[in-house]
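Take a look at the structure below.
The values are calculated or read from the model by the stated rules, or taken from the named source; none is laboratory data. Just so you know, these numbers come straight off a predicted model, no measurement behind them. We place every Cβ from the backbone using ideal geometry, glycine too, and count neighbours over all the protein chains shown. These accessible areas exclude ligands, DNA and RNA; they are computed on the full protein's heavy atoms, side chains included. Shrake-Rupley method; radii C 1.70, N 1.55, O 1.52, S 1.80 Å.
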Amino acid sequence: MYSALKERVCAANLLLPEYKLITFTWGNVSEIDRARGVVAIKPSGVSYDALCPEDIVILDLDGNVLDGKLRPSSDAATHLELYKTFPNIGGVVHTHSRWATIFAQCKRGIPALGTTHADYFYGEVPITRDMRVEEIAEEYERNTGRVIAETCARPDEVPAVLVAGHGPFTWGKDAPEAVHNAVVLEEVAFMAWHCGETDSIGQGLLDKHYLRKHGTDAYYGQAGN
């Protein structure tokens, strides 16, 4: 019943070690099927070396397991909160990739310093506020999603966030695109860190590079892609 969705989400999860975005099991990918109201997500703590489509867990939007024998990712409630809050997203990725996590642990957003950043993120990748003690003590994962939602005013234009003291989340129209954005986020974090203190890209160049790839007047790439 969910075999195609499970295969796609498994394949997207396996891209995380391929692109060196994770160490051990420090990450997860999910995708939502909005027509059926279900989310497919990696199981908690399962090694990527052993992961197969049958392991992927299917949840409803309340977090109930509909299909799968394993427990879902411990971050599942965060993913579900993002799907509920951001209606245009179809896939979510969480990693502890090194350079993006450095920014998260330093509690700094990633500024738009150049055109590589501008091609994907229309401005700074934001950092959340620190979570309050009570938000951590009760419903921690769900509250993580709420803090992300509170922080991200333009989730369609900046499909990424850094959770303070924790790490990055990215999203996209589906799981593969969310992974793609996670790869780009790590690269721009690496470049930004090594640039040190410098001015952000000018608004004109930011507009040109973002809008030539996104929106009604985009002209980058081939028609239909």
Ordered by residue, what ³J(HN,Hα) values in Hz, to whole numbers, does the stretch 116-132 give under the Karplus form 6.51 cos²θ - 1.76 cosθ + 1.60, where θ = phi - 60° and Gly and Pro are x?
4, 4, 5, 5, 10, 10, 7, x, 5, 6, x, 10, 6, 6, 5, 6, 6
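If each residue of separation counts as 0.36 nm, what is the full-extension length gain between Y219 and R154 once their alpha-carbon separation is subtracted?
Working: separation 65, 0.36 × 65 = 23.40 nm, distance 2.20 nm.
Additional length available on full extension: 21.2 nm.
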Of the heavy-atom accessible surface of the chain (probe 1.4 angstrom), what whole percent is carbon and sulfur?
50
Comparing A160, A11, A40, which has the greatest mean-square fluctuation in the GNM of the chain with Cα pairs linked when under 10 Å apart?
A11
Tell me, in nm to one decimal, what length is gained between F190 and L211 on full extension, where the rule is 0.36 nm per residue of separation less the Cα-Cα distance?
5.2 nm
Can you list the residues, at least 5 places off or on another chain, whose amide H is less than 5 Å from the amide H of G90, using H built in the peptide plane?
G172, K173, D174
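Excluding P87 itself, what net charge comes from residues whose Cβ is under 11 Å from its Cβ, given Lys and Arg +1 and Asp and Glu -1? Intermediate values should be presented prior to the final figure.
On the way: positive: R34, K84; negative: D156.
With Lys, Arg at +1 and Asp, Glu at -1, the neighbours total +1.
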Once phi is turned into θ = phi - 60°, what whole-Hz ³J(HN,Hα) does the Karplus curve with 6.51, -1.76 and 1.60 give for every residue of the stretch 17-25, x standing for Gly and Pro?
x, 4, 8, 6, 8, 9, 10, 6, 10
Probe 1.4 Å, all protein chains present, accessible-area order of K20, K6, K84, K213, largest first:
K20, K84, K213, K6
Expected vector for the stretch 90-96, Karplus 3J(HN,Hα) from phi with 6.51, -1.76, 1.60 and θ = phi - 60°, integer Hz, x for Gly and Pro, equals x, x, 9, 10, 10, 9, 10
Using alpha-carbon positions, the gyration tensor of the stretch 62-182 gives root eigenvalues a ≥ b ≥ c; with a/c under 1.5 called rounded, otherwise prolate if a/b exceeds b/c, else oblate, the class is oblate
Modelling each spin label as a point 7 Å along the Cα-to-Cβ direction, I'd like the S44/E134 distance in nm, to one decimal.
2.5
